[in-house]
Amino acid sequence: MIQAAHSLDPEEVVEQLSSHINEGLTSVDSTERLRRYGENILSRKKPKSVGRILLEQLLSPIVYILAGAMFFALFFNHYFEAVAILLVLIINTLIGFFMEYKAIRSFVALQKMVQTVSRVIRDGKEQELPSRILVPGDIILIREGEVVPADARLIEQKGLLIKESMLTGESEQVEKNSNRLSQAVNLTEQANMVFNGTIVTRGNAKAIITTTGDDSAIGQISRMTQEGGEKRTPLQKKLNLLTNWLIIFTVILAVIIVVTGLMTSNDPELMLKTGIALAVAAIPEGLPVVATITLARGMVRLSRKKVIIKELESVQTLGETNIICTDKTGTLTDNKMTVKVIQLSQEKVIMDDNLDTPIKEHQKNDLNELIKVAVLCNNANPGKSEKHGDAIDEALMDFGNRIGFDIENTINTYPEVFQMPFDADLKLMATTNGPPEAYIVNVKGAPENVFKYCKSVLDDGKILNFSNREEWENRVEELAAEGFKVLAFAGRSTNKLPNVNTLLEDLVLIGIIGFLDPPRNDIKQAIQIYNDAGI
């Protein structure tokens with residue numbers, strides 16, 4: 001296997017892994033590597049054995065008390081009571097055992113059913129092979145809709161977009177390329193790598209596998225989660241607390257009865273037997289059975305809804321849930337931004353779903369300037385076939401199309417000459433567009449950062465001094481407080497092609513736009529279901 005493959009050229013990775021870009025590995029090499037590295041699967045804890053499942057049903061403080069009570073009952077010749085307690089223990093153990101055993105068998109069967117195949121080049125031929133037998137050095141081919149079978153360094157790609165939410169938690173698609181990166185780049189920024197378990201949402205690619213199984217990025221996460229110590233469930237904690245109080249209660253009760261009897265009687269043996277018998281009677285033998293049957297019933301109900309619960313106590317843990325913390329973008333929402341509010345110097349325009357909100361005539365020129373900047377400072381426009389904008393870029397292009405703005409003509413009239421991609425520190429993006437001697441600079445980004453570079457503001461077609469910055473900042477705060485994602489747009493004209501150092505000088509603020517990511521159609525019903533369940 002090879003580490004830091006993102007910091008090497010594809011050819012270097014291929015050479016270090018003794019593979020071939022067009023021929024791939026030979027069958028002999030792949031067999032030897034499979035023996036050396038093992039199968040390309042994530043290790044899992046071994047399923048519980050039958051003996052362990054059975055034993056765990058007995059490892060409970062309440063069971064210990066009942067067992068103790070049964071032996072005391074036998075000792076004092078209370079056979080009926082002893083047999084009753086024994087039956088309780090047997091019923092409780094069998095119910096818990098069979099429910100968990102059935103769930104674990106179903107879980108193991110599901111794991112065996114989930115077997116994926118991948119397209120691999122071996123012995124110079126493209127073939128489909130089980131993903132579990134892939135090894136470092138294999139050349140794989142991936143395309144839209146497929147799951148990446150292992151961590152791999154991209155060799156070549158075409159319009160590749162990957163959804164890495166299961167690895168990073170971010171729902172937005174990641175644009176990939178095959179360019180070499182610095183070794184210090186962290187995993188979430190390795191645009192020339194694809195990772196095990198992620199999903200190809202667009203495009204296709206050829207890549208060489210660098211790590212498999214537990215050595216992959218998702219494998220390391222899986223291993224850490226399995227190494228975490230097990231915690232007691234809420235039910236176990238409550239039963240243990242109840243058991244402790246029962247022990248204290250029965251001991252105190254027995255002591256009080258024995259001491260009281262000794263003070264009023266001359267038969268110590270009788271008083272001792274009486275105290276122990278009453279203490280045994282105070283133990284609720286039916287508690288474990290009632291708890292187990294209740295949990296088993298919940299387990300059966302969930303199984304009918306195609307939910308597998310491996311342990312009985314987990315049913316109660318699920319029932320204890322009263323708060324759910326969830327990501328919003330792409331989970332509660334459609335992950336599709338829409339333009340909802342436009343703030344110009346003299347007018348705030350709230351767009352309805354039909355985009356037919358009237359705009360005052362004297363503000364139309366300012367609006368056109370705003371949309372022009374939004375279209376040109378954009379990676380989703382049709383003039384950039386090898387690029388793909390994010391949700392904001394797509395929302396701006398969609399908005400321009402819907403209000404009838406001539407996007408194609410604008411792009412052709414002002415071709416992009418230079419682009420400063422979005423900078424995480426500056427929190428903005430900038431482009432230079434236009435023919436020689438008629439350049440325009442277009443900037444979009446976080447309002448507080450864009451404002452810093454603005455010396456002027458566009459107001460009804462006039463360029464005025466930017467003396468009302470505080471007013472604009474208040475407008476941004478108002479929109480943000482209403483739940484909008486806010487971006488500022490600025491630009492300027494210049495006869496000289498600016499360089500990186502002069503690109504952001506003397507900008508003219510044009511306006512701000514508020515975006516909303518609409519909720520999914522089914523989310524209201526889902527939230528109502530949770531509310532009805534007390535969550």
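Observations
- Residue 520 versus residue 412: modelled label distance in nm, points set 7 Å from Cα along the beta carbon direction: 4.1 nm
- When the C-alpha to C-alpha distance is required to be over 26 Å, the pairs from 238/328; 237/273; 364/485 that qualify are 238/328; 237/273.
- Membrane-span-like helices in the chain, defined purely by DSSP H runs whose alpha carbon atoms cover 27 Å or more axially and whose average Kyte-Doolittle hydropathy reaches 1.6, do not occur.
- Positive minus negative residues near residue 54 (Lys, Arg vs Asp, Glu; Cβ under 12 Å): 0
- Note on residue 71 and residue 470: the model spin-label points, each 7 Å out from Cα along the C-beta direction, lie 8.1 nm apart.
- Using Cβ point charges alone (K and R +1, D and E -1), the dipole size of the chain about the Cα centre works out to roughly 2060 debye.
- Protection proxy ranking, peptides 52-64, 155-167, average beta carbon neighbours within 10 Å, highest first: 155-167, 52-64
- Were the residues from residue 36 through residue 301 laid out at 0.36 nm apart, the gain over their Cα-Cα distance would be 90.9 nm.
- Label point distance in nm, residue 245-residue 500, each placed 7 Å from Cα along Cα→Cβ: 6.9 nm
- Accessible area per residue, Å², the chain with all protein chains present, probe 1.4 Å: 56 Å²
- Subtracting the Cα-Cα distance of residue 317 and residue 172 from their residue separation scaled by 0.36 nm leaves 49.0 nm.
- Within a straight-line Cα-Cα reach of under 17 Å, residue 496 can be paired with the following aspartates and glutamates, leaving aside sequence neighbours fewer than 8 residues apart in one chain: 416, 437, 505, 506.
- Solvent-accessible area of residue 32 with every protein chain in place, 1.4 Å probe, in Å² to the nearest 10: 70 Å²
- Take 440-451, 14-25 and order them by the average number of nearby Cβ atoms within 10 Å per residue, most first; the result is 440-451, 14-25.
- Using the alpha-carbon positions of the stretch 1-43, Rg (one decimal) and Dmax (whole number) come out as 11.7, 31 Å.
- Once backbone amide H atoms are built at 1.01 Å from N, residue 146 has 200 as its partners under 5 Å, excluding neighbours fewer than 5 places away on the same chain.
- Here Cα Rg over 2.2 N^0.38 Å was computed from the coordinates, and among (i) 1.08; (ii) 1.42; (iii) 0.88 the match is (ii).
- Shown for the stretch 477-535: the carbon plus sulfur share of the solvent-accessible area, taken with all protein chains present and a 1.4 angstrom probe, equals 50%.
- Antiparallel bridges, percent of DSSP beta bridges restricted to the chain (to nearest 5): 95 percent
- The lysines whose alpha-carbon is closer than 18 Å to the alpha-carbon of residue 48, local same-chain residues fewer than 8 away aside, are 102, 112, 231, 310.
- Helical runs assigned H by DSSP (4 residues or longer) give the chain a calculated mean residue ellipticity at 222 nm of -13000 deg cm²/dmol, each run adding -39500 (n - 2.57) before division by the residue total.
- By accessible area with a 1.4 Å probe, ligands and nucleic acids excluded, highest first: order of 223, 105: 105, 223
The values are calculated or read from the model by the stated rules, or taken from the named source; none is laboratory data. Bear in mind that the values here come from a model prediction, so they are computed numbers and not experimental data. Methodologically, a virtual Cβ is constructed for each residue, glycine included, from the backbone with ideal geometry; neighbour enumeration extends over all protein chains shown. Surface areas here come from the heavy atoms of the whole protein model, side chains and all, with no ligands, DNA or RNA. Shrake-Rupley method; radii C 1.70, N 1.55, O 1.52, S 1.80 Å.
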